[in-house]
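Student: Take this structure first; my questions come after.
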Amino acid sequence: MDLYRSSRRIIIIYQNLKNKVMGLLDKQKTKQSKQTAAQLMQLTPDELKYLITLIGNSEFKGVDLQVVYSITAKLQNQLKK
């Protein structure tokens with residue numbers, strides 16, 4: 001009986017330890033996922049410069065000019081930050 005109880009205790013300790021480790025790993029993965037998502041939502045300075053240059057080298061007509069001007073201004077403001 002003592003061997004059974006000891007084995008059972010060891011199994012319970014192992015399961016508790018495993019659950020705690022897995023919980024910590026899940027938290028770390030979630031944190032990394034959030035950081036990665038944030039990085040994907042922000043443009044790098046090189047990407048901003050590329051877009052501004054691309055817009056500058058393109059031709060736009062009437063209705064599009066105001067929208068393009070507004071977008072370009074926003075890109076420039078982000079680049080200045």
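Student: May I ask for the angle, rounded to the nearest 10°, between helix 45-56 and the longest principal axis of the chain, with both axes built from Cα atoms and the value confined to 0 to 90°?
Tutor: 30 degrees
Student: Work out how much length SER7 to ASN57 would gain on full extension: take 0.36 nm times their residue separation and subtract the Cα-Cα distance, in nm to one decimal. Kindly include the intermediate steps, with their values, before the conclusion.
Tutor: Details: separation 50, 0.36 × 50 = 18.00 nm, distance 7.39 nm.
That works out to 10.6 nm of additional length.
Student: Right, here's the next one. Helix 2-41 against the longest principal axis of the chain: what's the angle in degrees, Cα atoms only, rounded to the nearest 10?
Tutor: Orientation of helix 2-41: about 0 degrees from the principal axis.
We did not get these values from a lab; they are worked out from the coordinates using the rules stated. The shown structure was predicted, so the numbers you read here are calculated from the model rather than taken from an experiment.
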